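A short worksheet on the structure shown next.
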Amino acid sequence: MDHRLAFHDVIPHHHRYLRKTDLESFEHTYKAEITSVYKLTEHENLYRVRIMDSEDRRHFSFQPGQFIMLELPGIGEGPFGISSSPSNHEDIELCIRTVGNLTGVLARAGRGTRVGLRGPFGTSFPMARMHGGNVLLIAGGLGLAPLRSPIAYVQEHRSQFDQVDIIYGTKEPSQLLFTYQYAMWKKDDLGLHVIVEKPDPSWTGAVGLITKVVEDVVAGHDALFIEKTHAIVCGPPIMFKFVCDLLSKKGLPMHKMFVSLERRMHCGMGKCCRCNVGSTYTCLKGPVFDFWTVMNLKEAI
């Protein structure tokens, strides 16, 4: 069975402004397979997926913040943010939480499972615009998954940035993602600040809300720090307001903060209308927005 959608099925009338390259992404499904599954927590797995055709694999490229549509034939398709380095042309990494039918089947899938990929889709974090300055990489819960791609970009272009701080918070220590990479991030001269809300007996780190760490990190730098800073914030939309409002009070302009509305992604092409916020289709205009734009999107957060 051919699971690719016909051209007239995927491009409704309000998409006439899309570029030819966008249309090709909507149409084309890459044949791929899962090369490994790594259990991160009780509910999250890291999947490595490889496009099977070597030429397709070589030409597939994406930017930090973009997402793909992953299809399990006979089960369904869903949008997932890419959680790997944009320079890696071998495996695409996806951190996926088990929450429904598609992800439930994926959780039982193993190495060699065949899948379909479409994309990449969406806007990305403007990493080049941040060259020469400081970067705050802030994540709450599963938000570390989409943040991992810009982290990798910073690692690979470390000389292009000044001070870089990763600030990460979860409810409990058992929910922390990618713990095996923390030492490597520190080794690459990235500041790492982790906080949990509900510690267990073994936890020796900071306790409280992520805004506490954000405030402490900003206060720990000199007065000129915020003038040369951009921020990327990923996590529950409710977190955006508290974190970004705090950064605004510290003097960081809204247009220098970037958030991902990845959780609003659905069909990837704006056809189902489930991604819309007012008149804006986040599948097409996002998922990455600056905070000024988000604050002017009714019901975005």
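The values are calculated or read from the model by the stated rules, or taken from the named source; none is laboratory data. Not measured: the values here are computed from a predicted model. Glycine gets a Cβ as well: all are built from the backbone with ideal geometry, and neighbour counts include every protein chain shown.
Remarks
- Cβ-Cβ distances below 9 Å connect the following pairs, each with a first residue in the range 55-73 that is closer than 19 Å to M127 by Cβ and in contact (Cβ under 8 Å) with a residue 40 or more places away in the chain, a second residue that is in a helix (DSSP H, G or I) and among the aliphatic types (A, V, I, L, M), and a separation of six or more residues or different chains: Q63/M127; P64/M127; P64/L147; P64/I151; P64/A152; G65/M127.
- Residue in the range 126-179 that is farthest from H193 (Cα to Cα), counting only those that are of a type in the set (V, I, T) and buried (at least 17 other Cβ atoms within 10 Å of the Cβ): V154
- Residue ID - surrounded by the fewest Cβ atoms within 10 Å (Cβ to Cβ), chosen from residues in the range 55-69 that are touching a strand residue (DSSP E or B) at 6+ places or on another chain (Cβ under 6 Å) and under 23 Å from V259 (Cβ atoms): F62
- In this structure, A128 does not qualify as modelled with pLDDT of 95 or more and farther than 23 Å from M254 by Cα.
- Any hit, the range 78-90, residues being at pLDDT 95 or above, in a loop (DSSP other than H, G, I, E, B) and touching a Cys at 6+ places or on another chain (Cβ under 6 Å): yes
- Residue match in the range 206-219 (condition: polar (S, T, N, Q) and either farther than 15 Å from I138 by Cα or in contact with a Lys or Arg (Cβ under 6 Å, 6 or more places away or on another chain) (or both)): no
- Of note, I96 does not satisfy the criterion of being assigned to a strand (DSSP E or B), of a type in the set (A, V, I, L, M) and either over 24 Å from T35 (Cα atoms) or without any contact (Cβ under 8 Å) to a residue 24 or more places away in the chain (or both).
- Of all residues making up the range 70-112, the number that are within 30 Å of M257 (Cα to Cα) and not aromatic (F, W, Y): 21
- Residue that is surrounded by the fewest Cβ atoms within 10 Å (Cβ to Cβ) [pool: residues in the range 182-221 that are among the aromatic types (F, W, Y) and either over 29 Å from S159 (Cβ atoms) or touching a residue at least 24 places away in the same chain (Cβ under 8 Å) (or both)]: W203
- Taken together, the residues in the range 222-261 that are aliphatic (A, V, I, L, M), surrounded by fewer than 15 Cβ atoms within 10 Å (Cβ to Cβ) and closer than 13 Å to G143 by Cα amount to 1.
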